[in-house]
Amino acid sequence: MHHHSSEFLSRKYLVLTERLGIRYPILCATAGGPFTIDLAVAVAEAGGLGGLGVTRWPDELAKDRVRMIGARTSKPFAVGIILAILPSASRKLALVLEAGAPVVQFSWGTPTPEQVALVRSFGAKLSMQVTNLGGARQALDVGVDYIVCQGQEAGGHVQAQSSWLDTLAPILEIAGDTPVVVAGGLGDGKALRKVLLNGASGGIFGTRFVATRESCAIPEWKEQLTTAIAADTALTVCFDEGWPQSLHRVLRNETLNQWEASGSMPKGRRPGEGEVVANDGTNDILRYEATSPIVGMSGDPAETSMWAGIGVDAIHDIPPAGELVRRIWAECVGDSCSSLAPS
């Protein structure tokens, strides 16, 4: 590693790590589904920013889960709220803040001034996922602590219309002192290094953390992530029951292949529509539902949406999440420069 680049890396990411109180500029995506309390705790304890999405959970359950993370680690973690799905997010927001959420990560929308004031009244940090210059301006107006720049490389629901490489530079030009982190297709430390060398202050890893011991993704999903290449993912609107017309990136499976073979028919004319493919113990899961296949489901959960970004290229194992955080950083800075890591 060249001397000048290591100096550059250290200067830029420290703004983020100091602001959030984390050791490494490695953030776990704030998603639901396979993202567990164990995973959030493991990432936080290892020096990254833990992450957990609470959008679809009942309010009281969301509150309990946030409290459980806080009971197990004093390190910071972020709680994710998708505003497009939850326009009236204020009650849930108040509950997770009361439960001690240190960081709130908004996506698919802009929080209201009241919601921002609520976050600040608890002394919590906030962030907003954006995908273009307009979104970045809104985030700066909101006064976020960091901006998330998502690219179409991402797994799961994709807010972006282009690669993060196309949007990062213009966003950095207006961001000033506000750190920008990249989400989308990051699978290892080399990807994080690329992000930092492009001027960002950190990276969000989603798919990579699904393939860890702490995630509750079904074994087939984890295994497929270790063998899949980027071309095995598809950017599609196939699994849109529960979130209509939303773009998402998934691993190819029989449901997707049959739907495409039918001519990607609209709702009402899709093959196998209305079929129950799995059950989570409470609810039947239908073929085209936007539902993560997690441990404990009966039936054939691998026919639901197995979210995956193009970072699968770099995923070859299913390690403990804490070990993974340290590995990503070591790969990012190179062994000779691991002294870069603040002690």
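We did not get these values from a lab; they are worked out from the coordinates using the rules stated. Keep in mind that what you see is a predicted model, and the values were worked out from it rather than measured. A quick note on method: Cβ atoms are made from the backbone with ideal geometry, for glycine too, and the neighbour counts reach across all protein chains shown.
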Notebook entry, point to check: Taking other Cβ within 10 Å of each residue's Cβ, how do MET68, MET265, MET128 sort, fewest first?
Noted result: MET265, MET68, MET128
Checklist line | Structure-based [θ]222 nm, the chain - -39500 (n - 2.57) summed over DSSP H runs of at least 4, per residue, nearest 500 | finding: -10500 deg cm²/dmol
Notebook entry, point to check: Just going by the charge dipole of region 219-311, with Lys and Arg at +1 and Asp and Glu at -1 on Cβ, which of ALA290, LEU256, THR236 is farthest out on the positive end?
Noted result: THR236
Next item on the list: Could you grab the Rg to Rh ratio for the chain? Cα atoms only, Kirkwood for Rh.
Entry: 0.95
Margin query: Please give the Cα centre distance for region 114-178 versus region 247-286, rounded to the nearest Å.
Written below: 32 Å
Check: In µm²/s, what is D for region 219-311 at 10 °C and 1.306 mPa s, where D = kT/(6 pi eta Rh) by Stokes-Einstein and Rh is the Kirkwood radius from Cα pairs?
Finding: 119 µm²/s
Checklist line | Extension gain (nm, one decimal) between THR226 and ALA84, 0.36 nm per residue minus Cα-Cα | finding: 48.0 nm
Check: Between THR36, THR207, THR226, which gets the highest mean-square fluctuation from a Gaussian network model of the chain, Cα cutoff 10 Å?
Finding: THR226
Notebook entry, point to check: What is the fewest-to-most order of ILE285, ILE318 by other Cβ atoms lying within 10 Å of their Cβ?
Noted result: ILE318, ILE285
Item checked: Quarter of the Cα convex hull surface for region 163-233, i.e. its orientation-mean projected area (nm²) -> 5.6 nm²
Note to self: Need one number: the % of Cα-Cα pairs in region 13-114 sitting beyond the 18 Å mark.
What the structure shows: 42 percent
Next item on the list: Between beta-carbons, use under 12 Å as the cut-off and find the net charge around GLY274, counting Lys and Arg +1, Asp and Glu -1.
Entry: -1
Note to self: Between VAL295 and THR110, how high is the FRET efficiency from 1/(1 + (r/R0)^6) when r is the Cβ-Cβ distance and R₀ = 35 Å? Nearest 0.05.
What the structure shows: 0.50
Note to self: Which three extents, in angstrom, do the Cα atoms of region 155-299 have along their principal axes, listed largest first?
What the structure shows: 50, 34, 27
Notebook entry, point to check: How many percent of all Cα-Cα pairs in region 8-61 sit more than 14 Å apart?
Noted result: 56 percent
